[in-house]
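Comments concern the structure below.
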Ligand SMILES: Nc1ncnc2c1ncn2[C@@H]1O[C@H](COP(=O)(O)OP(=O)(O)OP(=O)(O)O)[C@@H](O)[C@H]1O
Ligand SMILES: [Mg+2]
């Protein structure tokens, strides 16, 4: 199982949209995909609920899994929380809930290796999936640190603007801190891209240029596309629905998916 964590310290940069799109692409290309939502906001989870997966509050969610592992020392508990998406036999989800928010501090206080909780939890399902995609919250919390620790690859969606690149300048050093300075497996994906808005402050432009020179940036940028919002409003998977076949964002996400299939394995 290859783990791809989707992370940026900045909010609203299309982390969840990217996680959902990549999970959909890989699962419709013959890969067994587990999507893990570790964002207490639970946006990815809510999107799937619309796909008929059950009630948001219905346990077991990631909260119960963490609680049983951290407070009750139980192991092999992740499988119970995995829900298969009815419309897609290759796609499964572990749901998040808001209750995860208050639980962060208890992890650090109760576990010897707090960064390795997710790593331990996924051990029993390693062989059941080809890809684990983790949708992270917009912070540098213990959840994100866990997702980075576990990741084979980290994908960092960002808007090409002041706050987006600033978010990158926080998450990338965190990745290097956890994975080591020589870790090669992270990439920036520019999202919500507007070709007319490419001006950022000089200092951030230097940082963005450096990432570009280090070949850390995907050449494909995900354009702003109303189809993304429309499909989310209609609760349809825009990567699979025929009405969105020509959506520019979908075509760009297909390029990303093809890259992942070829190189991240
Ligand atoms: N390519 C796109 N074109 C237009 N709108 C988009 C695109 N990608 C994402 N969006 C919209 O941008 C908003 C933020 O996207 P998303 O929720 O995926 O970001 P996020 O980084 O996961 O946010 P958060 O930090 O809150 O978890 C959403 O309303 C989404 O519909
Ligand atoms: Mg999100």
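The values are calculated or read from the model by the stated rules, or taken from the named source; none is laboratory data. From a predicted model like this one, the values you see are computed outputs, not experimental measurements. Using ideal geometry, Cβ is built from the backbone for each residue, glycine included, and neighbour counts are taken over all protein chains shown.
Listing for the model above:
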item: First in the range 198-215 and over 15 Å from residue 161 (Cβ atoms), second anywhere and in a loop (DSSP other than H, G, I, E, B) and at pLDDT 90 or above, Cβ under 9 Å, 6 or more apart; result: 210/216
item: Criterion violated by residue 204 - all others in (1) buried (at least 18 other Cβ atoms within 10 Å of the Cβ); (2) within 16 Å of ligand 2 (Cβ to nearest atom); (3) over 21 Å from residue 20 (Cα atoms) satisfied; result: (2)
item: Given (1) exposed (fewer than 15 other Cβ atoms within 10 Å of the Cβ); (2) touching a strand residue (DSSP E or B) at 6+ places or on another chain (Cβ under 9 Å), index of the condition residue 217 fails; result: (1)
item: Number of positions in the range 72-93 that are more than 20 Å from residue 239 (Cα to Cα) and in contact with a strand residue (DSSP E or B) (Cβ under 8 Å, 6 or more places away or on another chain); result: 4
item: Residue count, the range 236-262 (criterion: more than 18 Å from the chain's Cα centre (by Cα) and either within 12 Å of ligand 1 (Cβ to nearest atom) or modelled with pLDDT of 95 or more (or both)); result: 5
item: Residue in the range 156-164 that is surrounded by fewer than 19 Cβ atoms within 10 Å (Cβ to Cβ), over 19 Å from residue 61 (Cβ atoms) and touching a helix residue (DSSP H, G or I) at 6+ places or on another chain (Cβ under 8 Å) present; result: yes
